[in-house]
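Everything on this sheet refers to the single structure shown next.
No value in this document is a laboratory result; all are computed from the given coordinates. None of these values were measured; they are calculated from a predicted model. So basically every Cβ, Gly included, is an ideal-geometry build from the backbone, and we count neighbours across all protein chains shown.
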Amino acid sequence: MQIIKYVMLFFILIATNLIGRTISQKYQFRLMELEEMKQALNTLKTKMKFTYAPIGEIFEEIAVQTTKTNIANVFQRAKQALETKCASEAWQYALENTQTNMKQEDLESLKNLSKSLGASDIEGQISQIELTQEFLETQIQQARVEKQKNEKLYQKLGTIIGLGIVVILI
């Protein structure tokens, strides 16, 4: 009977440790997604400026090029939504219907991009993309600070809570 108790306590410790690690990974995932989105917007800006390709083709190319699946899904959904919606509505739809690790303020900044996407001339769209990239850069810096501050905290907190539960149950 004691062996079962110790095995259960061990599993509790492992579970709380994994919960702490899972929470701490969200900070890293957000940082990676912000960096990937900034790079994808740079590709969008460059393709719009030099190739004059339709925005649907550009979205499709970016979806293939991006390495993070959440960001690739945003561009893929936007491409698919272009079949029935205009570019600005498709971009908003894609951001609202794709699960990412970004905060609401990150998404709101990206939604602001839709105001000029497909609605103004190329120079206006490029300047809006550049503004969005500047905002993303500040968000990336903030995400780095949050990651550095909170990542280890949640990992250790999960372990400490698990140890506390184990001590209480013994």
Over 31 Å between alpha carbons, listed pairs LYS68/LYS115; LYS45/LYS68; LYS103/LYS152; LYS5/LYS68; LYS38/LYS85: LYS5/LYS68
Taking neighbour counts of Cβ atoms within 10 Å as a proxy for exposure, in what order, fewest first, do LEU131, LEU13 appear? LEU131, LEU13
In 5 Å bins starting at 0, how do the alpha-carbon pair distances of segment 20-64 split up by percent? 5, 21, 22, 16, 11, 9, 8, 5, 3, 0
Which residues does the label zone of VAL7 cover in segment 128-170, counting backbone N under 11 Å from a point 7 Å along Cα→Cβ? none
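Which order results if ILE4, ILE19 are arranged by neighbouring Cβ count within 10 Å, fewest first?
Details: ILE4 8, ILE19 15.
By the 10 Å Cβ count, ascending: ILE4, ILE19.
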What three numbers, in Å, describe the spread of the alpha carbons of the chain along their principal axes, ordered from the longest? 72, 31, 22
When TYR27, TYR93, TYR6 are ranked with the fewest other C-beta atoms within 10 Å first, the list becomes TYR6, TYR93, TYR27
Just to be sure I follow: if Rg is taken over the C-alpha atoms of segment 63-105 and Rh is the Kirkwood radius over the same atoms, what is Rg/Rh? 0.98
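Would you compute, from DSSP H runs of 4+ residues alone, the mean residue ellipticity of the chain at 222 nm, taking -39500 (n - 2.57) per run and dividing by the full residue count, rounded to the nearest 500? Numbers along the way, then the final one.
Working: 6 runs with 140 residues, N = 170.
-29000 deg cm²/dmol, from helical runs alone.
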Under the rule a/c < 1.5 gives rounded, and otherwise a/b versus b/c splits prolate from oblate, where does segment 58-145 land using the Cα gyration tensor? oblate
